[in-house]
Structure formats: C-alpha cells, structure tokens
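Written out below as structure tokens is the structure these notes cover.
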Amino acid sequence: MKHLLLFLIFGILPVMAQAQPAPGGPPAVGVVRAEKQQITQSNEFVGRIQSIGRVSLVARVSAFLEKREFVEGQEVKKGDLLYLLEQPPYQAQVDFNKANVAQLEAQHTFAAQQLARAEYLLKTPAGRA
C-alpha cells in the first residue's frame, strides 16, 4: 500500500503541476464583436468572352448620318432605330412623288370626264352624224 500511495503522490503531482496556470497571469485574448452583415457572393474568372452573333451593317442608300441611336455593345432588337439619316434630300423626293401622284390623279379624272362626255354624245343625235 505504501507503494500505491507513493505512486499516487509522485504520479499525480506532475499532472497537477502542468494543470496550474503559468506565472504572469492569463494569456491575452482578442475580442471581436459579432455583427450581422450581408454577404455578397462573387466569383472571379480569367477568360475571354466572344459574341456568338455578329451583324454587319451595310448602307442601302448614300446619305449623311445625323445621329446614332445606339451605344456600341448595347443589345438591340429587331425594329430598333439604329441611325438617323439626313432628311432634306429624301423629303424632297417624297414631296416630288406626292405631287406627281396628284398630277396623274388629276389627268385620270379629266380623262374619265372626257370619256363620259363622249359616251353621252354618242347616244345623242350629234354622235350619229
């Protein structure tokens, strides 16, 4: 039993010595306040982007460009206005064509009146002579 007592004394003393705090006080500990923050997930990749569709714009008329209605790289849809061309030469052509149509309609009306008059005269004694 003496051996057991000695064993316990000499076996437990080193363990108790290790469990005691080191001289000089407790170690320094940093403190951070826990706060609720929004987390935004982001990814960074190294690579190259290339469009799958490319459109070549070719002018069908000769004109000066007054305004560009889109920004380079912007997505456009079918029917979107892309460019505004100078108006005066084309407006003059439209006005000329409208006047030409009006003149031809007047000639048609006059010819229809002449035909109706001639058909009427054919039915009268003046047309039988």
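So here's what we get for this one:
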quantity: Selection from region 92-129 of residues that are among the charged types (D, E, K, R) and at pLDDT 95 or above; calculated: 95, 98, 105
quantity: Condition check for residue 32: at pLDDT 85 or above, under 24 Å from the mean Cα position of the chain (by Cα), loosely packed, with under 10 Cβ neighbours inside 10 Å and among the β-branched types (Val, Ile, Thr); calculated: no
quantity: Looking only at region 91-110, and only at residues there that are of a type in the set (A, V, I, L, M, F, W, C) and over 26 Å from residue 64 (Cα atoms), the one that is farthest from the chain's Cα centre (by Cα); calculated: 110
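The values are calculated or read from the model by the stated rules, or taken from the named source; none is laboratory data. Everything numeric in this text was worked out from a predicted model, so none of it was measured. Positions of Cβ are generated from backbone atoms using ideal geometry, with glycine treated the same way; all protein chains shown enter the neighbour counts.
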